[in-house]
Amino acid sequence: MTEQPFLSPMSSDTDGAVTSAGHVKNLLVDPRLVAEHGIRFDERLGRIGGEDALYLTSLERAGIERRFAAGAVVREQLPDDRATLRYQLRRSYWYGNTEAVTSLED
């Protein structure tokens, strides 16, 4: 697994740089900005995926910048069954589907 790109760092941005990388699980956002722009998760995508990616795209389109925090620490417990090549390949395929779905929703 360590020889594959699955465990590569998400970003090499400098601290404070505007970035398009990131996930909802490691996002801090001012709820006043979200409310002001009426940004919400699209519940239609809840079963097929992509609601988080579309949410982040909506933030970006509203002019809400995401910035990279080099010192931020995010921890996640990874079940053993996710630390396999098979799981990571399926996950990458799923991300491709998510990209297609959210691109169509734009």
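Per-residue answers, yes or no, for (1) open to solvent by 100 Å² or more (accessible area, probe 1.4 Å); (2) of a type in the set (D, E, K, R); (3) on the phi > 0 side of the Ramachandran plot:
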position: Asp15; (1), (2), (3): yes, yes, no
position: His23; (1), (2), (3): no, no, no
position: Ala35; (1), (2), (3): no, no, no
position: Ile39; (1), (2), (3): no, no, no
position: Gly63; (1), (2), (3): no, no, yes
position: Phe68; (1), (2), (3): no, no, no
position: Asp81; (1), (2), (3): yes, yes, no
position: Tyr93; (1), (2), (3): yes, no, no
position: Thr102; (1), (2), (3): no, no, no
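Please name all residue pairs, on different chains or six or more residues apart, with Cβ atoms under 7 Å, provided the first residue is in region 87-98 and is within 18 Å of Asp52 (Cβ to Cβ) and the second residue is open to solvent by less than 60 Å² (accessible area, probe 1.4 Å) and part of a helix (DSSP H, G or I).
Thr98/Ala53
Residue-wise test of (1) within 14 Å of the chain's Cα centre (by Cα); (2) at pLDDT 80 or above.
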residue: Met1; (1), (2): no, no
residue: Ser8; (1), (2): no, no
residue: Asn26; (1), (2): yes, no
residue: Pro31; (1), (2): no, yes
residue: Arg44; (1), (2): no, yes
residue: Leu59; (1), (2): yes, yes
residue: Ala69; (1), (2): no, yes
residue: Arg82; (1), (2): no, yes
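The values are calculated or read from the model by the stated rules, or taken from the named source; none is laboratory data. Keep in mind the model is a prediction, meaning the values are calculated, not measured. Cβ sites come from the backbone with ideal geometry, for glycine too, and all protein chains shown count toward neighbours. To get the accessible areas, we keep the full protein, side chains included, count just its heavy atoms, and leave off ligands, DNA and RNA. Shrake-Rupley method; radii C 1.70, N 1.55, O 1.52, S 1.80 Å.
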